[in-house]
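Q: Just passing along the structure, written as structure tokens.
The values are calculated or read from the model by the stated rules, or taken from the named source; none is laboratory data. Quick caveat: nothing in here was measured; it's all calculated off a predicted structure. Glycine gets a Cβ as well: all are built from the backbone with ideal geometry, and neighbour counts include every protein chain shown. Ligands, DNA and RNA are stripped out before the accessible areas are found, and what is left, the full protein with its side chains, is counted by its heavy atoms. Shrake-Rupley method; radii C 1.70, N 1.55, O 1.52, S 1.80 Å.
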Amino acid sequence: NPIVHNGGLYKRPFNEAFEETPMLVAVLTYVGYGVLTLFGYLRDFMRQWKIEKCQNATEREEQKDFVPLYQDFENFYNRNLYMRIRDSWNRPICSVPGAKVDMMERVSHDYNWTFTYTGRVIKDIINMGSYNYLGFAQKAGTCQEAAAKVLSQYGAGVCSTRQEMGNLDKHEELEKLVARFLGVESAMAYGMGFATNSMNIPALVGKGCLILSDELNHASLVLGARLSGATIRIFKHNNMQSLEKLLKDAIVHGQPRTRRPWKKILILVEGIYSMEGSIVRLPEVIALKKKYKSYLYLDEAHSIGALGPSGRGVVEYFGLSPEDVDVMMGTFTKSFGAAGGYIGGKKELIDYLRTYSHSAVYATSLSPPVVEQIITSMKCIMGEDGTTVGKARVQQLAENTRYFRRRLKEMGFIIYGNEDSPVVPLMLYMPAKIGAFGREMLKRNIGVVVVGFPATPIIESRARFCLSAAHTKEMLDTALKEINEVGDLLQLKYSRHRLVPLLDRPFDETTYEETED
């Protein structure tokens with residue numbers, strides 16, 4: 001019984017699956033990348049001898065003696081592998097990113113080096129890629145009306161930082177509302193979600209501190225950790241044995257060479273991991289944090305609004321107290337259909353960040369219409385608008401998530417992640433199938449996101465579906481029918497129902513470069 005596992009820390013079932021990659025599929029994937037690499041070197045040879053036209057960025061003749069700016073392996077990958085399937089990304093949308101979108105049609109006559117727009121708009125594509133979890137990305141309704149009213153009163157921009165002339169009454173209102181929504185003493189809002197992590201972590205830890213970070217943390221957390229100057233050690237994804245071993249070693253051995261105790265130990269985790277669809281084992285993380293007297297930084301970018309009976313994120317999902325999380329971070333870019341991010345916690349923490357955070361001191365304030373979008377959508381989720389629309393959206397998202405995941409598993413696809421996560425990765429593996437899946441789905445009027453190396457491990461390419469409360473059952477059934485058809489066409493139904501425990505999953509040690517004193 002999953003409820004009583006881990007010393008009774010969980011008050012609900014916690015079902016998460018990562019099926020083993022079939023051996024033949026893994027071998028063929030490596031062979032596929034090997035063939036592409038060989039042809040890449042052959043084509044580079046032909047470009048060098050002017051047999052094939054060279055369209056990539058290269059140094060001019062007079063710069064040949066300088067350190068090369070463009071010639072490296074990453075550029076080799078972009079030139080010879082990514083370019084073949086480049087049409088699967090950066091597709092221009094010309095409508096609200098709601099349940100359905102309109103897309104500008106484009107064609108390429110030089111194998112994706114350049115694109116030409118045909119002037120035609122592809123209408124009513126079912127949008128399975130946007131982070132519009134609660135359906136607040138819309139061009140009509142109370143949020144849009146409120147934002148339009150504030151736009152006419154305050155204008156679009158603030159043209160100043162919060163510490164100078166950019167602190168509006170709307171910003172104060174937003175921060176009080178966020179603190180109430182999260183159940184914390186105080187909160188602070190920022191204009192960019194990525195910078196909320198990358199600029200605030202360096203304000204919290206520095207030299208002589210230790211960061212313990214999940215190997216699959218988002219790039220913003222990785223960058224913030226690197227900028228801080230603290231020593232970084234990484235633990236296996238969602239693996240509590242790995243985390244506890246690092247905590248024990250940190251306390252027993254202290255800092256390298258001097259053996260002095262660490263000034264602070266900060267654990268960095270996410271609520272929902274956006275590539276894996278997994279949910280953090282928060283009850284266990286909090287238990288370890290308390291046991292070893294460390295601090296916890298929780299990034300709820302994807303989980304706030306999307307998890308919990310009333311959309312209050314992963315803390316509510318597990319029935320825990322917000323006081324057990326030292327730094328609660330999240331973004332307004334997903335469930336709230338807006339922009340920016342926030343940090344919540346004790347009043348002392350927020351007062352400190354108002355003075356020392358680079359995002360607070362140097363960055364321009366949030367745009368007033370964006371602030372109003374967040375306030376209106378958050379009040380709707382909390383039920384303070386006098387309706388039950390917000391609660392109904394949270395419930396609808398949960399129902400859509402469970403239904404979609406169940407149907408895909410029944411079809412025979414390998415699906416990663418937790419059964420309650422609205423991020424649904426469908427494994428593609430082979431490089432040729434990344435582009436093929438995206439193109440075939442678009443032909444059938446379904447917009448999907450496909451992901452490959454370096455955003456994922458080289459043999460774990462995938463399609464990533466993001467579910468929304470705005471998706472109707474008819475839309476999901478249409479999408480599932482087309483996915484089933486494309487799955488048969490491309491032979492993507494790899495599932496043998498052999499689950500691999502988290503302890504045995506491959507460990508990627510290249511996410512960070514460990515920094516020692």
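Q: Projecting each Cα onto the charge dipole of the range 242-372 (Lys/Arg +1, Asp/Glu -1 at the beta carbon, about the Cα centre), which of L282, V315, I265 comes out farthest on the positive side?
A: I265
Q: Then there's this: Taking only the Cα atoms of the range 83-201, how large is their convex hull per residue, in Å³? Please list the in-between numbers first.
A: Working: hull volume 23.3 nm³, N = 119.
Cα-based convex hull of the range 83-201, divided per residue, equals 196 Å³.
Q: What nm distance separates the two modelled labels at L490 and D110, each placed 7 Å from Cα along Cα→Cβ?
A: Those two pseudo-labels are separated by 2.7 nm.
Q: Still on this structure, I have one more. Please list 480-486, 317-323, 300-306 highest first by mean number of surrounding beta-carbon atoms within 10 Å per residue. Walk me through the numbers before you get to the answer.
A: Values: 480-486: 18.1, 317-323: 16.1, 300-306: 30.1.
Peptide ranking by packing, descending: 300-306, 480-486, 317-323.
Q: Can you give me the solvent accessible area of D326 with a 1.4 Å probe, rounded to the nearest 10 Å²?
A: About 40 Å², rounded to the nearest 10.
Q: For the chain, give the share of DSSP beta bridges that are antiparallel, in percent and rounded to the nearest 5; count only bridges with both residues there. Could you put the intermediate results ahead of the total?
A: Numbers: 31 of 50 bridges.
So the antiparallel bridges in the chain amount to around 60 percent.
Q: Let me have the relative contact order for the range 142-382, percent, based on Cα pairs under 8 Å that are six or more residues apart.
A: On the way: 468 pairs, mean separation 74.2, N = 241.
Dividing the mean separation by the residue count of the range 142-382 yields 31 percent.
Q: At 1.002 mPa s and 20 °C, plugging the Kirkwood radius over alpha-carbon pairs of the range 225-358 into Stokes-Einstein gives what diffusion coefficient in µm²/s?
A: Details: Rh = 16.0 Å.
After rounding, the answer is 134 µm²/s.
Q: Further question on the same structure: If DNA, RNA and ligands are ignored and the probe is 1.4 Å, what is the ranking of F45, F404 by accessible area, most exposed first? Mind dumping the intermediate values first?
A: Values: F45 115, F404 0 Å².
Solvent-accessible surface, decreasing: F45, F404.
Q: Given the range 142-382, what percent of its DSSP beta bridges are antiparallel, to the nearest 5? Before the final figure, lay out each step's value.
A: Working: 11 of 28 bridges.
Taking every DSSP beta bridge within the range 142-382, about 40 percent pair in antiparallel fashion.
Q: Sequence-distant or interchain residues sharing an amide H contact under 5 Å with S213, placed H: which?
A: It is R233, I234, F235, L268, by chain and number.
Q: Could you please tell me the mean projected area of the C-alpha convex hull for the range 224-266, averaged over all directions and given in square nanometres to one decimal?
A: Approximately 3.4 nm², given one-decimal rounding.
Q: More than 25 Å apart: what percent of Cα pairs in the range 142-382 qualify? Numbers along the way, then the final one.
A: Details: 11651 of 28920 pairs.
Distances greater than 25 Å cover 40 percent of the Cα pairs.
Q: Between E410 and L227, with labels modelled 7 Å along Cα→Cβ, what's the label distance in nm to one decimal, could you check?
A: Label-label distance for E410 and L227, simple model: 4.7 nm.
Q: Then there's this: Please compute the modelled spin-label separation between L320 and V449, points set 7 Å along Cα→Cβ, answer in nm with one decimal.
A: Going from the V449 label point to the L320 one covers 2.4 nm.
Q: Can you grab the distance from the C-alpha centre of the range 319-374 to the C-alpha centre of the range 48-113, Å, no decimals?
A: The range 319-374 and the range 48-113 have Cα centres spaced 36 Å from each other.
Q: Determine, from the Cβ-Cβ distance of Y41 and K207 and an R0 of 56 Å, the FRET efficiency 1/(1 + (r/R0)^6), rounded to the nearest 0.05.
A: Values: r = 43 Å, r/R0 = 0.77.
Efficiency computed from Cβ-Cβ geometry: 0.80.
Q: Determine the equivalent ellipsoid of the chain by diagonalising the alpha-carbon gyration tensor, then write out the semi-axes as square roots of 5 times the eigenvalues, largest first, rounded to whole Å.
A: On the way: eigenvalues 248, 176, 144 Å².
For the chain, the ellipsoid semi-axes come out as 35, 30, 27 Å.
Q: From Cα pairs below 8 angstrom and at least 6 apart in sequence, can you work out the relative contact order of the chain, rounded to a whole percent? Could you put the intermediate results ahead of the total?
A: Details: 967 pairs, mean separation 109.7, N = 517.
This gives 21 percent for the chain.
Q: Next up: Using R₀ = 41 Å, calculate the FRET efficiency as 1/(1 + (r/R₀)^6) where r is the Cβ-Cβ separation of V121 and K245; round to 0.05.
A: On the way: r = 55 Å, r/R0 = 1.34.
E(calc), rounded to 0.05, equals 0.15.
Q: Also, quick follow-up: Pull out the extension gain between E172 and V67, defined as 0.36 nm times the separation in residues minus the alpha carbon to alpha carbon distance; nm, one decimal.
A: Details: separation 105, 0.36 × 105 = 37.80 nm, distance 4.98 nm.
In short, 32.8 nm is gained.
Q: Amide H to amide H, which residues 5 or more places from R312 or on other chains are under 5 Å from it, using H placed in the peptide plane?
A: For R312, the qualifying residues are G305.
Q: Moving to a separate point now. Starting from the amide H of G135, placed 1.01 Å from N in the peptide plane, find each other amide H under 5 Å away whose residue is 5 or more places distant or on another chain.
A: Amide H to amide H, under 5 Å and 5 or more residues apart or across chains, G135 pairs with A469, A470.
Q: Given only helices, namely DSSP H runs of n ≥ 4 each adding -39500 (n - 2.57), what is the per-residue ellipticity at 222 nm of the chain, to the nearest 500 deg cm²/dmol?
A: Helix contribution divided over all residues of the chain: -12000 deg cm²/dmol.
Q: Taking K and R as +1 and D and E as -1, what net charge do the other residues with C-beta under 15 Å from the C-beta of L177 add up to?
A: -3
Q: Right, next: Distance between Cα centroids, the range 379-422 to the range 445-482: provide it in whole Å.
A: Centre-to-centre distance over Cα atoms comes out at 15 Å.
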